[in-house]
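Below: the structure, in structure tokens.
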Amino acid sequence: MGTSRGLLLLAAALGVTAAARCPAPCVCNNLRAHVLCLNGSLTAIPDTIPELTRKLDLRGNSFMVIPAGAFLATPYLTHLDLQHCKVERLEEGAFRGLGRLVYLNLASNGIALLYQESLDGLFSLQQLILEGNRIEEIQPGAFGHLGSLTVLDLRANALVYLPDMVFQGLQVLRWLRLSHNALHVLGSEAFAALPALRRLSLDHNELQALPGEALARLDGATRLDLGHNPITYVAEEALAMASLRHLFLDHASLQDVAPDAFARSPQLRILDLRENQLQGLPPLAGAGGLVRVSLDGNPLLCSCLLRPFHKWLARARVEAEGACAAPPALRGRSLNSLKSPEMRCSRLWPPPSPTAPPEQPRAAGSRQCPRGCVCSPDFHHGSCENRDLREIPRDFPEDTRLLDLRRNPFRTVPPDAFPGLKELVSLHLQRCSIRVLHPGALRGLESLVYLYLTNNHLSTLAAAAFEGVPQLAYLDLDHNAFTHVPADIFRLLPNLISLHLQHNAIGELAEGDLAGARGLRWLYLAENAIRHIAPAALAPTKMLEKLQLGGNHLSEVPTAALWGLPALSELKLSRNPIKNMGDGVFLPVASSLQHLYLDNMGLEWISPHAFTGLGPKIRSLYLESNKMSNIPDMSNFTGLEILNLQDVPFHCNCQLLPLHRWINKLNLCVGATCGSPAEAQGLKVKLSTTFQACPGWGRSKAGETHPNKTKAASKPNKKRRSGKSPARGFSKSRA
């Protein structure tokens, strides 16, 4: 309170008051120096926020871009929340001037790339939350100015590759959260610059082997989460982490573990191997400090071959959790209850002896850097950005992993354009006036994961252009001249995860366009001219999780095309001219859908049964800027964290009473206002007095539960009121 009072006295001395400068859509708390501009229609950072503001909450707006110097007028900020603001780009220097900021939340936006100067100036920042964006790549140096950061949250992004020294500068970082990405390539020095790290979360990725070389740099880490990765084998001395105490390898694909796999992790106490494919384990003689091994959910064969492990458990006094799956006589018996004579041999089970995959020799980079370009041997980067080059230069060092050739007028990419770059992972060819990618253009790039071809003049692609890039996972073709999806390329790209075709001129999605795209998870088709999607067009993409169709010419929800997409969690239909929405239009994806965007469509009518099948799984629903006067009952949407009903002309009569009651029970800022009758126009639905004349108003005021809302349905809102999930929901302020 003393600090707040001092700030107010200083403000008075300067002739500035928070109340005098509070922007119109916002709420300002003078005593606490807090400003809230929640779930509004702001498209730019307000320039009239009081200078002495310390906490600024801008959740739920539509900024798209955070420009350089956006917060220079508020140098005293310590907390800044920009969740769900549709941010796609952070310009270099966006946060300059915020030297006091300790907390920055950028979760649930659309940020795809982090450049070196994106976070410049945040030298006091302690927590940075970037969860739920679509970050595909981080350039080394992006975190170089964050010397005070202790928590970095990069969960639920689109990362496939971590280059060497990518976290350089994070000298005091204690927890790095990389869960729920698609990581399967880690540079051997990716974690080399993290001396204070104590916890690393790598669960829910695509790692096929334990990344021992990269992890060996983490001398001080005590907890490692590697669960939910397709790791099949842990080899000899695979993990050398001197301080590691807790290792989680649950829900992987483990079939065997070497006896001395953990011999170089002497402090290991807890080993979680639940839900794998282990039929047994050898004595883990190298793990001398182990206290507990969890083996629940494995198909353990309690034969004589398990006796050595069983005896070791007793001798080393290690607690084991798990039960026998076979033989039938011992099925269900816990390991701790077994006695050696019970574990008899069976001639029918000769266990396989998996071997570790052979080490691939690394080629040493011996070539020099091409004239006019810059090569960094420490980062394995090469750059010839904006050098007015007419031809793609050659003779980059053979160990180059990131090559930046942006803003050069190449016009074409000839065959074998990148000889000798077998280790190249990321190739940037944005704004290069490219019209043709010749067959064999990428031949030899056997490690390539990211290919950026945005802002060129491509209208077709020959399938043969993608020969020799079997690891390609991210293909960005935004801002080109495609009129059709470049079909036939996917058979050569078995690992493709993300396809960007936004801002092209595609008119339809036809059957066969995506043939071969079996592993595709994210498909971005926004801002095209799509009028029709064939019922079987998306059938090959059974793993699809995100489908972005905003800004097209669809006149109805493509319900038929959504069948067979059991993993779809996000669907964007914003800015399509869909006027009416019939029954059960989202039924094909009702069991998986979590985020639904139906804003700015001119919607005039939604059937009472349009949301049939949807319910507690829905976390965010965007319906703002439409024309309907009522919406279906959503009382079973108990998992909602975001609901945007701004700029919808609700007719506030008795038919809307259920919505009024429901909104009053929500702990969310929804922005719903009355468009009619005249006496209620402009009033918030939550506060309108027109409902007081409705039958049943007395029961509502007495606090009775809405008849459509069960006790179970009300529990999540109670949790939000208790403040247990402040990072994901909106603060209770204005509805």
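Quick notes
- Residues that are outside any strand (DSSP E or B), at pLDDT 95 or above and open to solvent by 20 Å² or more (accessible area, probe 1.4 Å), drawn from the range 197-219: ARG198, ASP203
- Matching residues, the range 393-410, being closer than 11 Å to SER376 by Cα and open to solvent by less than 30 Å² (accessible area, probe 1.4 Å): PHE396, PRO397, THR400, ARG401, LEU402, LEU403
- Extreme residue, surrounded by the fewest Cβ atoms within 10 Å (Cβ to Cβ), among residues of the range 661-678 that are small (Gly, Ala, Ser) and out of contact with any Asp or Glu (no Cβ under 9 Å at 6 or more places or on another chain): ALA678
- Pair list, Cβ < 6 Å and 6+ apart or interchain, from the range 636-648 residues that are over 14 Å from ASN667 (Cα atoms) to residues that are modelled with pLDDT under 90 and of a type in the set (A, V, I, L, M): ASN636/ALA713; LEU645/VAL670; LEU645/ALA672
- Pairing each residue of the range 655-678 that is part of a loop (DSSP other than H, G, I, E, B) with any residue that is modelled with pLDDT of 85 or more and among the β-branched types (Val, Ile, Thr), provided the two are 6+ apart or on different chains, yields C-beta distances under 7 Å for VAL670/ILE663; ALA672/VAL648; ALA672/ILE663; ALA672/VAL685; PRO677/THR690.
- One residue from LEU458, LEU496 being closer than 19 Å to VAL185 by Cβ and either free of Cβ contacts under 8 Å to residues at least 24 places away in the same chain or in a loop (DSSP other than H, G, I, E, B) (or both): LEU496
- Residues considered: GLY550, GLY468, GLY512. Of these, the only one that is assigned to a loop (DSSP other than H, G, I, E, B) and open to solvent by less than 10 Å² (accessible area, probe 1.4 Å) is GLY550.
- From the list VAL172, VAL185, the lone residue that is within 27 Å of HIS380 (Cβ to Cβ), of a type in the set (A, V, I, L, M), modelled with pLDDT under 90 and open to solvent by 20 Å² or more (accessible area, probe 1.4 Å) is VAL185.
- Residues being open to solvent by 30 Å² or more (accessible area, probe 1.4 Å), out of contact with any Lys or Arg (no Cβ under 6 Å at 6 or more places or on another chain) and charged (D, E, K, R) - total across the range 220-263: 3
- Among the residues of the range 579-597, those that are crowded, with 20+ Cβ neighbours inside 10 Å and either assigned to a loop (DSSP other than H, G, I, E, B) or among the aromatic types (Phe, Trp, Tyr) (or both) comprise VAL585, PHE586, LEU593, TYR597.
- Residue ID - modelled with the lowest pLDDT, chosen from residues in the range 24-51 that are under 25 Å from the mean Cα position of the chain (by Cα) and open to solvent by 70 Å² or more (accessible area, probe 1.4 Å): SER41
The values are calculated or read from the model by the stated rules, or taken from the named source; none is laboratory data. Computed from a predicted model, the values in this text were never measured in an experiment. Every residue, glycine among them, receives a Cβ derived from its backbone with ideal geometry; neighbour counts consider all protein chains shown. Keep in mind that these areas ignore ligands, DNA and RNA; they rest on the heavy atoms of the full protein, side chains included. Shrake-Rupley method; radii C 1.70, N 1.55, O 1.52, S 1.80 Å.
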